[in-house]
Amino acid sequence: MSIHNYLLSGHHFKKAKQLTLDARQEQAEKSDQLFLQAYN
């Protein structure tokens, strides 16, 4: 059972890491848009 939990936690970690990267990328795009709106 502990091995199963270990593998699951690794899967959740990878998914969380990917979601974090996606969120950062999305925020970067939004911040670029706000920057352009402010200075155009």
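Axis of helix 2-39 versus longest Cα principal axis of the chain: the two differ by about 0°, to the nearest ten degrees. Projecting the Cα positions of His12, Leu36, Ala23 onto the charge dipole of the chain (unit charges on Cβ atoms of Lys, Arg, Asp and Glu, taken about the Cα centre) puts His12 furthest along the positive direction.
Could you work out the equivalent-ellipsoid semi-axes for the chain, taking the square root of 5 times each eigenvalue of the Cα gyration tensor, largest first, in whole Å? Please report the intermediate quantities before stating the final value.
Numbers: eigenvalues 294, 4, 3 Å².
That gives 38, 4, 4 Å for the three semi-axes.
Every read-out reported here was derived from the displayed coordinates using simple, explicitly stated rules and does not represent laboratory data. The shown structure was predicted, so the numbers you read here are calculated from the model rather than taken from an experiment. Heads up, the Cβs are rebuilt from the backbone with ideal geometry, glycines too, and the neighbour counts pull from every protein chain shown.
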